[in-house]
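Data first, discussion second: the structure below is written as structure tokens.
The values are calculated or read from the model by the stated rules, or taken from the named source; none is laboratory data. None of the values given here were measured: they were computed from a predicted structure. We place every Cβ from the backbone using ideal geometry, glycine too, and count neighbours over all the protein chains shown. We work out accessible area using only protein heavy atoms, side chains counted, and drop any ligands, DNA or RNA first. Shrake-Rupley method; radii C 1.70, N 1.55, O 1.52, S 1.80 Å.
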Amino acid sequence: MGYQAQLRIWRGDAGRGDLADYKVEVNEGEVVLDVLHRLQATQAGDLAIRWNCKAGKCGSCSMEINGRPRLACMTRMSTFGENETLTITPMRTFPVIRDLVTDVSFNYAKAREIPSFTPDPATKPGEFRMQQVDVNRSQEFRKCIECFLCQNTCHVIRDHTENEGAFAGPRFLMRIAELEMHPADTADRREIAQDDFGLGLCNITKCCTEVCPEHIKITDNALIPMKERVAGRKYDPLVWLGSKIGRRQVKDTPKVPGKK
Amino acid sequence: MTDIERHSYDVVVIGAGGSGLRAAIEARLRGKKTAIISKSLFGKAHTVMAEGGAAAAMGNANSRDNSQVHFRDTMRGGKFLNNWRMAELHANEAPDRVWELEAWGAVFDRTKDGKISQRNFGGHEYPRLAHVGDRTGLEMIRTLQQKVVALQQEDAVSHGDPEAMIKVFAETTITRLVKDGDRIAGAFGYVRDSGSFILFEAPAVVLATGGIGKTYKVTSNSWEYTGDGHALALLAGAKLLNMEFVQLHPTGMVWPPSVKGLLVTESVRGDGGVLRNSEGKRFMFNYVPDVFRAQYAETEEEADGWYADPENNRRPPELLPRDEVARSINSEVKAGRGSEHDGVFLDIASRLPAEEILRRLPSMCVQFKELADVDITKEPMEVGPTCHYVMGGVEVDPDTAAAAVPGLFAAGEVSGGMHGSNRLGGNSLSDLLVFGRRAGIGAADYLDGLTARPAIAQADLEAAAAEASAPLERPGGENPYTVHAELQDIMTNLVGLIRVETEMKQALAELEKLRERVLTVGAAGGRGYNPGWHLALDLRNMLIVAECVALAALERQESRGGHARDDFPQMSPEWRKVNLICTLDGDRVHLSRQPMKPMRPDLLARFDRDELKKYLTPDELPAPVTPEEKH
């Protein structure tokens, strides 16, 4: 039943590294993470892998398998040929810590810049009334397990590290969309979505949607509607006129300051 | 002397799941400088795997529900071994904690009138679980994570530094608590990516490390569940309560082997799914125990009628508490009526339209489709029991979450008592919130009562550093992965779902042999992100916890909840009065008995006397009520 799989795994740290070849036993029904665990237990005890739940729910074991960004726990070995060599490398966009583990702190820094959920202070806990149809959109985005595969894939930062300051990436533009579409939120993040988080840099190639293990339609349901909202605000003639004659207060919520 | 990075905090919370984050938020809201130590990345804790929901008697789905009913269900589920004060606080406070989450940004599923929707679950009399599809734990962890971020944003404005008052130390593991005399003085550990040592000087430490599932082979638990908090508490001089009670969730995946144990949410049954054996029979009707006879349906017709008309029909037996369902499945398989892979069939496909299954149970659909090639909207799932939760844990004061060691607090799965001998589904997420908050308050109040900060002795640090470094100095030592696998085999085979004296004695003998080997495990490679080293250190904790479970299980000569003895199949009212306590005497686990505090009369009065007779000894029963006093 079982067979010996050929693996080429990136081993190394922040300084240097190389692909190393291994042969590991594979049994029926196994996923890539099972095989990596067997490799750890039998041949490479110090192979660094980040993982937690092995059930596709925590989003820890993100890596690139034959060049494709995936969760190792949700990638069946049966999707590859028995004679095929699997090349497993860390996510390319983020700095390597060791072996298959990368430093994803960029994402946590971006998360902290987005103005948080801002309900009307007059609404007390227990008093929120929202219809299912109105929360469906935010709920889709809250399925996100923060595996950061979309961040890793997006060419705006994958191929251009210089954009990291100006671009929050699909996960966090989607977080903005989630809050903007939350029926009980009162802040306005449209201007900062464009100016501070780089929504305009997204040219809707949908790579993020393609790699999302939760099958969230990031581009269609979050990014494009967000772009429409930004354009709608920016080019609204009443807003424009109001701002010119000083009648209309701009209520944009500013980006949150970081470390001093 | 090794370099040790030092930090000073008021409160250090070990664990970044539901209870840890809730405790940390509370401590920060009370002005305490708080550190959150997370074994994984921020937002990845085991809480994300909770699926069904958080039980809270908000009465949104059925207005007859209230905290008294919730309290009653919790005590019944735990077979009256619960710490009744914890069960009372939990039932009273759960609704406020859930509503608070909503105000912090959680987006629960809704009722038609726009309130938080509530679903049915095993052992809960009314639909009670606030939920988001079948990913409620993820919603909770994300909401708490985002609340921490919101507080950091406030601190960025007021202090100029988002991490001035609350900071997350991700991928950091605590290996020892340090003390000053008899009280807590801090926590020592290592940072995963560099392998360097780190010390948190703090007068108050909250343990929120979750459970022990990784001591078993077939488990729904994630990598982190190595009993760290249980072991840290014991090593620091605290007590563990009733460790024999380990919950096997009745429905884990059984095929393919790679996913054996992976959780299949109870919501499948709450939303109408039924269990069948290989003959196609709904076998649960044959397994309703006497204590629950009055509340459960006797025919399929009545059971099916309950979903639409709960006033005139009794509940389906598939919704018995988890311990009952798990043992029933085990019996069916043993009787030769199991599925091909030694499970039974869980059928939702014939009960709900496909689109409804996709809407209510999206992650189950994905899980089976992608990992087992099973389309649950068309065919039944194969399921069987999987190690899911430990009811036992650190003995705490119910109101303050304080452990026996001054300055030490515990909340969530690592604490004991709340769930008695068996936890009801949905009571975990609400437990995390209720007692996480209480631990935060407990720690803050403790600090307010202190006159001087504790000091840490250099010798203690050197000992902790030497202990943590030891496996790295034995690169040719025994393989930690091998020892771990053997430990899991021992616990799964000998201290599993159905227990018997000879097997548990054998388990203790084998654990004794393993103890020597744990001391010789080694890790090749360097300090930086070296999982072999990390596992070598976790083994100490898992071994201690395994000994506690086996010793307590051998001692308790009855069957109750998550502890089933083949040689003592009955539940005993005499044993109900006994709590089993584990402490550490040198490096040996010491077991003792401690009487259960009698339940407060007003709480006792919430039950029918006839029902109490099934659990209590005659002298514990309240005086019979004469007919004219009844109202």
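At-a-glance table
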quantity: Computed P(r) (all Cα pairs; the stretch B:247-386; 10 Å bins; percent); calculated: 13, 45, 35, 8, 0
quantity: Links that overshoot a 18 Å alpha carbon limit, given the list A:Lys54/B:Lys39; A:Lys124/B:Lys147; B:Lys217/B:Lys369; calculated: B:Lys217/B:Lys369
quantity: Mean Cβ count within 10 Å, highest first, over the residues of peptides B:414-421, A:209-216, B:295-302, B:96-103; calculated: B:414-421, B:96-103, A:209-216, B:295-302
quantity: Rounded to the nearest 20 debye, dipole of the protein assembly as shown from Cβ charges on Lys, Arg, Asp, Glu; calculated: 1580
quantity: Ranked order, B:Ser278, B:Ser40 - accessible area, probe 1.4 Å, largest first; calculated: B:Ser278, B:Ser40
quantity: In Hz, Karplus ³J(HN,Hα) per residue of the stretch B:23-34 (6.51, -1.76, 1.60; θ = phi - 60°; x = Gly, Pro); calculated: 5, 5, 4, 5, 4, 5, 4, 9, x, 9, 6, 10
quantity: Table column - 3J(HN,Hα) (Hz), the stretch A:107-121, Karplus curve with 6.51, -1.76, 1.60, x for Gly and Pro; calculated: 5, 5, 5, 5, 4, 7, 8, 7, x, 6, 3, 10, x, 5, x
quantity: Residue (of B:Gly417, B:Ala54, B:Ala536) at the positive-pole extreme of the protein assembly as shown, dipole from beta-carbon charges; calculated: B:Ala54
quantity: Carbon + sulfur, % of accessible area of the stretch B:1-102 - ligands and nucleic acids excluded, 1.4 Å; calculated: 37
quantity: The stretch B:480-553 - percent relative contact order, Cα under 8 Å, separation 6 or more; calculated: 42
quantity: Accessible area buried between chains B and A, both sides summed, probe 1.4 Å, in Å² to nearest 100; calculated: 5300
quantity: A:Thr87 long-range amide H proximity, modeled H, under 5 Å; calculated: A:Arg8, A:Asn66
quantity: The stretch B:211-251 and the stretch B:423-500: distance between their alpha carbon centers, rounded to Å; calculated: 9
quantity: Inter-chain Cβ neighbour average for residues B:105-115, partner chain, 10 Å; calculated: 6
quantity: Protein accessible area in the stretch B:247-386, 1.4 Å probe - carbon and sulfur %; calculated: 48
quantity: Chain B: Cys lacking any partner C-beta under 4.7 angstrom; calculated: B:Cys365, B:Cys387
quantity: Dipole axis of the stretch B:247-386 (+1 Lys, Arg; -1 Asp, Glu on Cβ), positive-most option in B:Leu358, B:Ala326, B:Ala303; calculated: B:Ala326
quantity: Ratio of the Cα radius of gyration of the stretch A:105-244 to 2.2 N^0.38 Å, where N counts its residues; calculated: 1.08
quantity: For the stretch B:265-328, alpha-carbon Rg and Dmax in angstrom; calculated: 11.0, 32
quantity: The protein assembly as shown - Debye-derived log10 I(q)/I(0), Cα point model, q = 0.09, 0.11 Å⁻¹; calculated: -0.90, -1.42
quantity: For the stretch B:51-66, Karplus couplings with θ = phi - 60° (6.51, -1.76, 1.60), whole Hz, Gly/Pro x; calculated: 10, x, x, 10, 7, 7, 7, 7, x, 6, 8, 9, 5, 7, 6, 7
quantity: For the stretch B:502-566 and the stretch B:12-64, distance of Cα centres in Å; calculated: 28
quantity: Set of lysines near B:Lys577 by C-alpha distance (under 27 Å), chain-local residues within fewer than 8 positions excluded; calculated: B:Lys79, B:Lys239, B:Lys505, B:Lys597, B:Lys613, B:Lys614
quantity: Interchain or long-range residues, amide H under 5 Å from B:Met596's placed H; calculated: B:Val578, B:Asn579
quantity: B:Thr502 accessible area, 1.4 Å probe, all protein chains in place, Å² to nearest 10; calculated: 100
quantity: Long-range HN-HN contacts of B:Ala404 with modeled amide H, under 5 Å; calculated: B:Lys239
quantity: Mean residue ellipticity (222 nm) of the protein assembly as shown, computed from DSSP H runs ≥ 4 via -39,500 (n - 2.57), nearest 500; calculated: -10000 deg cm²/dmol
quantity: Solvent-free Debye scattering, log10 I(q)/I(0), computed from the Cα coordinates of the stretch A:3-102 at q = 0.15, 0.17, 0.22, 0.25 Å⁻¹; calculated: -0.53, -0.69, -1.22, -1.60
quantity: Cα-derived Rg to Rh of chain B, Kirkwood definition; calculated: 0.96
quantity: Distance cut-off 36 Å, percentage of C-alpha pairs in chain A lying past it; calculated: 26
quantity: Listing of the stretch B:516-531 residues, each with accessible area lower by at least 30 Å² in the full protein assembly than in the chain alone (probe 1.4 Å); calculated: B:Tyr529, B:Pro531
quantity: DSSP beta bridge pairing in the protein assembly as shown, given as percent antiparallel to the nearest 5; calculated: 70
quantity: Relative contact order of the stretch A:1-77, defined on C-alpha pairs under 8 angstrom at six or more residues apart (%); calculated: 26
